[in-house]
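The values are calculated or read from the model by the stated rules, or taken from the named source; none is laboratory data. Keep in mind it's a predicted model, so treat the numbers as computed, not measured. We place every Cβ from the backbone using ideal geometry, glycine too, and count neighbours over all the protein chains shown. Quick note on the areas: whole protein, heavy atoms, side chains included, nothing else; ligands and nucleic acids left out. Shrake-Rupley method; radii C 1.70, N 1.55, O 1.52, S 1.80 Å.
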Amino acid sequence: MKRRYIKSGRSAVSVLLAAVCVSAMLAGCGDAAATEEEETLSEVLPVEAQMPEAGTLTLKNEFVGTVSPEESVYVIPMVTAEVLNTDISVGDSVTAGQELCKLDTEAAELQLASAQAQYNSAAAGVQAAEVGYEIAQAQYDSTVAQLDVQNEQTQRQKDLTMYQMQMQIDGIIDGIDDINEQIYKLDEDREDAKEQKDDLKKASDKANKSLKQAAQAYAAAQAAVTALEPQDYTELQNVKGQFPSEEAYEYALKQAKEQLAAAKTAYEGAQAAVSQLDAAYEQVKAGIESIDDGKEKLEDSLSDTYKTKEQTETVKNLTEAQLNVDTQRVQDIGKRTAALGVDSAAAQVNSAKVGAAGAKVGIDSAEYQLDMYTLTAPIDGIVEAVNVKEHDFASPQTPAFVISNKNTMTVTFGVSEGIRSTLRVGQKLKVDRNGKLYDAAITEIGSMVDQNTGLFMIKSCVSTPDDSLLTGSSVKVTADTYSQADALLIPYDAVYYDDSQPYVYVAENGLARRKDVETGIFDMDTITVLSGLSTEDVLITSWSANLREGAEVSVQMKTADAADGEQETAGEETDGAMTAGGE
């Protein structure tokens, strides 16, 4: 049976009984009738009682929530470069498109200049090819005109034709020399880039070694702090007991945390160095690949030019041999040869234009890269974090700015699976931040367990936030959870347990009767009864060591509206006490 204690409010009845007993002792050997009457009075147990009430009990639960903006964005640099200037600070208001900072564009400008030079070279190639085409067309027209001349001009025409074709061959040879020179220049550039790549690889290996050492130091510092500040209270007291005083322990803990902070800073710095070197290495690697692609295109162009040269030399030899035949044949062969030269020149023009178009794409790409060196705000909002400053290096691995729209704030908290089933979207909540209350409503109920906490995450919206709701701050969230309607509400202290079976005592005809009941939810003061009791029962709410099945009781009734401590009585008055059922 559960132990029960009589509250101080019941002391009046106890004092009355004690006074009666003392009077009997002082009376000595009084008459037997008086003694019998006192003994009968001592067997009646005074109790307090009330009628069970039907109603609804709703439980409230409190949770720890974290405040965050409904909309928050990270402004991440797309390139690694030195920060030239930034006038943005934490707490500043910014608008979408507003400039946040500028990065050093020297590398991008060099890349753009290189792309522009390649384009200029390709454009010059187009002009040369178009001139060649015009020459080929002129040669064709000239050949047709000259072939119409009389036979006596055949020899002179032959010399002129051979001279013109040799000029064409010389022009092709000059083009071959130009391509070879460009290939040689690309080989030099590739060798320089390869040396730079090797240097970056060595630097990266060295930085990775430093990162590993920093990680080990950071892990050791974390272990030291964990050892000094275990989560288990008993372990924490054991650790503190190893120090001569609380101050010595706090000093040691402070030193360990400072070493942890320093180790973390060194570790993050080593990570940043590795990231920067890796990015530079990939950039040089991409440059080598670009050079290889350009060289491959030039080699393909060189191969095509050699084929053109061979074709032109073949045509030249064929023309020279055929000019000695009859005039008509010479004219036919000359026209076909000239037409072939025009087609070849036209093909060279098309090829040169394709190369120029590719070079123009390189310029567009370089200009796009150049735009990445100016960071702008993607949304209107407040700057929550600034992770860059002048002359530091910004990189894609670290957000430069964090911008939040704080017109609406979100509070996120975790609940168990059982409590999750009691919540609903739109349900009203109370959010407490340092004693200041805010109205909120549930906007999202998580359907997956958080791996870190083992809880379901609930999101709620605070529609009227103010400056007190700081991003990342902790708040207390109060929500209605379990509720039970159409149940009897009785005092929590009125229920007893026999093993796992709950039961209560009721007064029936002046006697205490045990009733087994089925209970539901409860709080500190009230518990619900689902079966075994009715609103007509007189529920005994006070405790006594002599309270048991069949005990004779006198009842003082309490009413629901007796908030000032007054009690109502029921039954008939007997010897100054109230007995249920008229006894």
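Provide the packing ranking of 186-197, 484-495, i.e. peptides ordered by the mean count of other C-beta atoms within 10 Å per residue, highest first.
Working: 186-197: 15.1, 484-495: 17.4.
Ranking the peptides 186-197, 484-495 by packing returns 484-495, 186-197.
Evaluate the Kirkwood expression for the hydrodynamic radius of the chain, namely the inverse of the mean inverse distance over all pairs of different C-alpha atoms, and round to one decimal in Å.
Result for the chain, one decimal place: 35.5 Å.
Here's the picture: charge each Lys and Arg Cβ at +1 and each Asp and Glu Cβ at -1 in the chain, and of V64, G175, S531 the one pushed furthest to the positive end of that dipole is G175.
Each of T265 and K212 was given a label point 7 Å from its Cα along the Cα-to-Cβ line. The distance between the two points is 2.6 nm. Where both bridge residues fall in the chain, DSSP classifies roughly 95% of the beta bridges as antiparallel. In order along the stretch 532-548, phi translates into HN-Hα couplings of x, 8, 9, 6, 8, 6, 9, 7, 7, 10, 8, 10, 8, 5, 9, 6, 7 Hz, rounded to whole numbers, per the Karplus curve 6.51 cos²θ - 1.76 cosθ + 1.60 with θ = phi - 60° and x for Gly and Pro.
Relative contact order of the stretch 449-526: 21 percent, from C-alpha pairs under 8 Å at least 6 residues apart in sequence.
In this simple spin-label approximation, E310 and K202 carry label points 7 Å from Cα along the Cα→Cβ vector, and these lie 4.5 nm apart.
Accessible surface for K428 stands near 150 Å², nearest 10, in the context of the full protein assembly shown (1.4 Å probe). The HN-Hα couplings worked out from phi for the stretch 129-143 by the Karplus form 6.51 cos²θ - 1.76 cosθ + 1.60 (θ = phi - 60°) are 5, 5, 4, x, 5, 4, 4, 4, 5, 5, 4, 4, 4, 5, 4 Hz, whole numbers, x standing for Gly and Pro.
Here's how it looks for A487: its modeled amide H is under 5 Å from those of G55, which are all 5 or more places away or on a different chain.
For the stretch 402-457 and the stretch 197-240, what is the separation of their C-alpha centers, rounded to whole Å? What the calculation gives is 34 Å, centre to centre. Model label sites at R156 and D174, defined 7 Å from Cα along the beta-carbon direction, differ in position by 2.7 nm. Using θ = phi - 60° in the Karplus curve 6.51 cos²θ - 1.76 cosθ + 1.60, the 3J(HN,Hα) couplings for the stretch 429-440 round to 10, 10, 10, 10, 10, 6, x, 9, 9, 10, 7, 9 Hz; x is entered for Gly and Pro. Between F522 and E229, the FRET efficiency estimated from the beta carbon spacing at R0 = 30 angstrom works out to 0.20. Packing-based ranking of 223-232, 126-135, 414-423 yields 126-135, 414-423, 223-232, ordered from highest to lowest mean Cβ neighbour count within 10 Å.
Could you calculate the FRET efficiency of E549 with S416 from 1/(1 + (r/R0)^6), where r is the beta carbon distance between them and R0 is 45 Å, rounded to 0.05?
On the way: r = 40 Å, r/R0 = 0.88.
So the FRET efficiency works out to roughly 0.70.
Computed about the Cα centre, the dipole magnitude for the chain is approximately 1260 debye when only Lys and Arg (+1) and Asp and Glu (-1) carry charge, each at its Cβ. Shown here are the Rg and Dmax of the Cα trace of the stretch 234-361, at 38.4, 122 Å. What the chain shows is 59 Å² of accessible area per residue, with the surface traced by a 1.4 Å probe over protein heavy atoms. With contributions of -39500 (n - 2.57) from each DSSP H run of at least four residues, the per-residue ellipticity at 222 nm computed over the chain stands at -17500 deg cm²/dmol.
Please tell me the relative contact order of the chain in percent, rounded to the nearest whole number, where contacts are Cα pairs under 8 Å and at least six residues apart. Could the numbers behind the result be given before it?
Numbers: 911 pairs, mean separation 175.0, N = 583.
Answer for the chain is 30 percent.
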